[in-house]
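The values are calculated or read from the model by the stated rules, or taken from the named source; none is laboratory data. As the structure is a computational prediction, the values presented were derived from the model and not from experiment. So basically every Cβ, Gly included, is an ideal-geometry build from the backbone, and we count neighbours across all protein chains shown. Just so you know, the surface numbers come from the protein's heavy atoms only, side chains and all, with ligands and any DNA or RNA stripped out. Shrake-Rupley method; radii C 1.70, N 1.55, O 1.52, S 1.80 Å.
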There are 2 protein chains.
Amino acid sequence: MNTLFKALSHPVRRRIIAMLRAGPLASGDIAAAFDMSWPTITGHLNALKEAGLVSPERDGQTIRYRLEISAVEEAMAFLMDIAGAGSRADAPAPLKPQETPK
Amino acid sequence: MNTLFKALSHPVRRRIIAMLRAGPLASGDIAAAFDMSWPTITGHLNALKEAGLVSPERDGQTIRYRLEISAVEEAMAFLMDIAGAGSRADAPAPLKPQETPK
DNA sequence: TCCCTAATTAGGAGAACTGCTAATTACAAG
DNA sequence: CTTGTAATTAGCAGTTCTCCTAATTAGGGA
């Protein structure tokens, strides 16, 4: 959960995710879409991978990254949990604690 | 959008948001719920405020923070946009660009 | 084997983040 | 005005993030 939101907190990483909506892309194709060095993009891809947001698949020389919807849904679940209960004092039942930050 | 996800990326800030689901709370009451100094919590509240996730209201000496659902919904909209279009190659229509990171 | 392309890892500089203590502001009440 | 409580701002140390260039790994083809 922690790495998930941290991964989402950088504009370049969010844009990479948006690119992958249409389907898997090679690392190089992603890097080419940005005005940054390829190693920097690799770093962002690693952050996304660690968060479970993407997964790499090797195909010969190229490595293609696929978007993992389930991770996106996990983040969404957290937000729905909060948006669901308004700021009214008569909230129904706050649900389970669901997170216990150290 | 940027500050929004950045605000959500810290466990303490997410827990503060979760606390506010039930209704507004005073700064001191929030600080008391954590094992950290009050000024540190003030810092987190400022981050949440800048992201539009909470808004402060003064009432005498105390300052109460209220959760702003609309900001939560904004973040949710971004995620739905992505989860909506799967990783299938025949995606319908990627929607508007909606974000153009520098 | 040797070379080329695809991609990652290593290492480091500079900025941003996160926590603290001390000092300050804001309000209420005597 | 002075005192006390609520809360923020100021300033600083240590850590993490973000970007770069240089070096390295991995695979495909001559």
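Looking only at residues of the range A:3-22 that are assigned to a loop (DSSP other than H, G, I, E, B) and facing another protein chain (nearest Cβ under 7 Å), we find that the one that is farthest from the chain's Cα centre (by Cα) is A:Ala22.
Only one of the numbered conditions (1) surrounded by 15 or more Cβ atoms within 10 Å (Cβ to Cβ); (2) without any contact (Cβ under 8 Å) to a residue 12 or more places away in the chain; (3) more than 8 Å from DNA strand C (Cβ to nearest atom) is not met by A:Glu68, and that is (2). For the range B:34-52, the tally of residues that are of a type outside the set (D, E, K, R), closer than 19 Å to B:Phe5 by Cα and either touching a strand residue (DSSP E or B) at 6+ places or on another chain (Cβ under 7 Å) or within 11 Å of DNA strand D (Cβ to nearest atom) (or both) stands at 8.
Results for (1) more than 13 Å from DNA strand C (Cβ to nearest atom); (2) farther than 26 Å from A:Leu79 by Cβ; (3) open to solvent by 10 Å² or more (accessible area, probe 1.4 Å); (4) free of Cβ contacts under 8 Å to residues at least 60 places away in the same chain, shown as yes or no for each residue.
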| position | (1), (2), (3), (4) |
| --- | --- |
| A:Leu4 | yes, no, no, no |
| A:Val12 | yes, no, yes, yes |
| A:Leu20 | yes, no, no, yes |
| A:Ser27 | no, yes, yes, yes |
| A:Ile41 | no, yes, no, yes |
| A:Leu48 | no, no, no, yes |
| A:Leu53 | yes, no, no, yes |
| A:Pro56 | no, yes, yes, yes |
